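The next block holds one structure in the form of structure tokens; read it before the comments.
Nothing in this text is a laboratory measurement; each read-out follows from the coordinates by a stated rule. From a predicted model like this one, the values you see are computed outputs, not experimental measurements. Virtual Cβ from ideal backbone geometry, glycine too; neighbours counted across all protein chains shown.
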Amino acid sequence: MTMQPGCSKCGKPAIYLRRYTSEHLCSACLVKTTIDRVRKTINRYKMLNDSDRIAVGISGGKDSAVLLHILHNIESAYPNSEIIPVTIDEGIQGYRNEALKAARELSRSLDLTLEVFSFEDLLGYSLDEIVRRRSSDSLGTCSYCGVFRRRALNTAAENLEADVIATGHNLDDEAQTVLMNILRGDSARIARTSVSRELSVKGLVPRIKPIIEITERDVVAYAHYLKLPYHDIPCPYAEEAYRNDVRSFLNEMEYKRPGTLLATLRSAESMTRAFRQSSTKWEFTLCEKCNSPSPSKLCKVCEMLESIRS
């Protein structure tokens, strides 16, 4: 008869193996160590101040649900801070409505008020309409959505007078992005997408990723044990063939060699430091049409909107 392993922290029966730390954890220690890990990440990267007004991007999915729940737990010790859950409604018929239900349910359970901003209100088009109108270029729907979501989230945070935007990127997400940039020959992008709060561009609300050092397995286990409400149906416009290939490779490597994902993140940090110490500089100007920070005369949002209108 196989004996159930005891929790590495308290000795009670374990329900979860955190492979990259070799810890067997009971349900209570799973939750506690996950929160502690996020707290250490926030301190390590100096993500938050004691009196921040924090806009938390909530999609309705598991990652942002866990992010909001953990931040609510951590920030309860800081009475001068404020958490504002924010959902960007892209306008995807039959999909976003269900995700909004989960986001509202979670927000209510934490006694928070969900703020909802839509593509249609901020940009003049829903994503469904953008799909119908967009020109026959090489960009997929996800490219349009990603650019517009970032602008919409920044506009929402500005309207809410937030000091910072927290997003639910986990360790798997970040490792995949790092490897994708390397494989595409665009390693310099790693430095551009991993900007610390103090180096944020003027005109853009600083972004932080508090759960960047916990894996997707940790996220699922945390959400499952606490029965957090979330929407787990993939977006109907998802076009992630390339990312899926990278995900499969990294998942296999992490299974065979636990710690691969974290090592990838640490490598990206070293690359970021090296790029910033080099002579390479990323200069920002203001978009001629919308006056937003942009590396070129016309920002990507306005460029895409022009292609939709043409």
Practice problem: Obtain the radius of gyration and the Kirkwood radius of segment 193-245 from its C-alpha atoms and give Rg over Rh. | Solution: 1.07
Quiz prompt | Reference-scaled alpha-carbon Rg (2.2 N^0.38 Å with N residues) for the chain | solution = 1.03
Quiz prompt | Cα convex hull of segment 138-208, projected area averaged across orientations, nm² | solution = 5.6 nm²
Quiz item: What ranking do Thr215, Thr21, Thr87 get, fewest neighbouring Cβ atoms within 10 angstrom at the top?
Solution: Thr21, Thr215, Thr87
Quiz item: Of Glu254, Glu198, Glu115, Glu288, how do they rank once you tally other Cβ atoms within 10 Å and put the fewest first?
Solution: Glu198, Glu288, Glu115, Glu254
Quiz item: Of Pro79, Phe117, Gly140, which is farthest on the positive side of the dipole of segment 57-164, counting Cα position, with +1 on Lys and Arg Cβ, -1 on Asp and Glu Cβ, and the Cα centre as origin?
Solution: Gly140
Quiz item: With axes computed from alpha carbons, what is the tilt in degrees of helix 300-309 against the longest principal axis of the chain, rounded to the nearest 10 within 0 to 90?
Solution: 60 degrees
Practice problem: Can you tell me the FRET efficiency between Leu226 and Asn49 if r is taken as the Cβ-Cβ distance and R0 is 22 Å, rounded to the nearest 0.05? | Solution: 0.20
Quiz item: What angle do you read, to the nearest 10 degrees and between 0 and 90, between the alpha-carbon axis of helix 96-109 and the longest principal axis of the chain?
Solution: 50 degrees
Quiz item: Roughly how many Å is it from the Cα centre of segment 199-255 to that of segment 48-86, as a whole number?
Solution: 17 Å
Quiz item: How large are Rg and Dmax for segment 7-67 when only the alpha carbon atoms are used, in Å?
Solution: 14.4, 39
Self-check item: Extended-chain gain in nm, criterion 0.36 nm per residue less alpha-carbon gap, Tyr255 and Lys202
Solution: 15.0 nm
Quiz item: Considering only the other residues whose Cβ falls under 14 Å of the Cβ of Lys12, what net charge follows from Lys and Arg at +1 and Asp and Glu at -1?
Solution: +1
Quiz item: Share of antiparallel DSSP beta bridges in the chain, in percent to the nearest 5?
Solution: 30 percent
Quiz prompt | Cα centre as origin, Lys/Arg/Asp/Glu Cβ charges: the chain dipole, Debye | solution = 880 debye
Quiz prompt | Built amide H within the under 5 Å cut-off of Ile84, gap 5+ | solution = Ile54, Ala55, Val56
Self-check item: Lys, Arg +1 and Asp, Glu -1 on Cβ, resulting dipole of segment 183-251 about Cα centre, debye, nearest 20
Solution: 300 debye
